[in-house]
Amino acid sequence: MLELRPNCECCDKDLPPAATDAVICTFECTFCRDCAEGRLGGRCPNCGGNLVARPIRPPAKLATHPASTKRVLKPQGCAELRP
Ligand SMILES: [Zn+2]
Ligand SMILES: [Zn+2]
């Protein structure tokens, strides 16, 4: 089951479970679409894997399988990857 992390690792943008602009890698590193298509060039900066749209969990399922509230953020950000 996906954690559904609450934010973009690069820019710390809020990405609630219903966000349609959240993308993830195979390890569920989570980014917003702006970062993914911009500075990240469609690749996860942590593992090098591809990034795909995160599926939306239906609200009824969120009640029994809630999204993670633990924010994950790259301490140095992702800006240096694409000068
Ligand atoms: Zn972002
Ligand atoms: Zn990754």
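Each value in this text was obtained by applying a stated rule to the coordinates, not by laboratory testing. What you see is a predicted model, and the numbers here were worked out from it, not measured in a lab. Cβ sites come from the backbone with ideal geometry, for glycine too, and all protein chains shown count toward neighbours.
General observations
- Extending 7 Å from Cα along the Cβ direction at ASP34 and again at GLN76 yields two label points whose distance is 2.3 nm.
- Only Lys, Arg, Asp and Glu carry charge here, each on its Cβ (+1 for the first two, -1 for the last two); on that basis the stretch 32-83 has a dipole of about 180 debye about its Cα centre.
- Extending 7 Å from Cα along the Cβ direction at ARG43 and again at MET1 yields two label points whose distance is 3.4 nm.
- Taking 0.36 nm per residue of sequence separation and removing the Cα-Cα distance, the ALA67/ASP12 pair yields an extension gain of 18.2 nm.
- Percent RCO, i.e. relative contact order, over the chain, from Cα pairs under 8 Å lying at least 6 residues apart: 38 percent
- In this structure the amide hydrogen of ASN7, modeled in the peptide plane, comes within under 5 Å of the amide hydrogens of LEU15, VAL72, none closer than 5 places in sequence on its chain.
- Gyration tensor over alpha-carbon atoms, the chain, equivalent ellipsoid semi-axes in Å: 23, 12, 10
- Working note: Karplus 6.51/-1.76/1.60 with θ = phi - 60° gives the stretch 57-62 the couplings 7, x, x, 5, 7, 5 Hz, where Gly and Pro are set to x.
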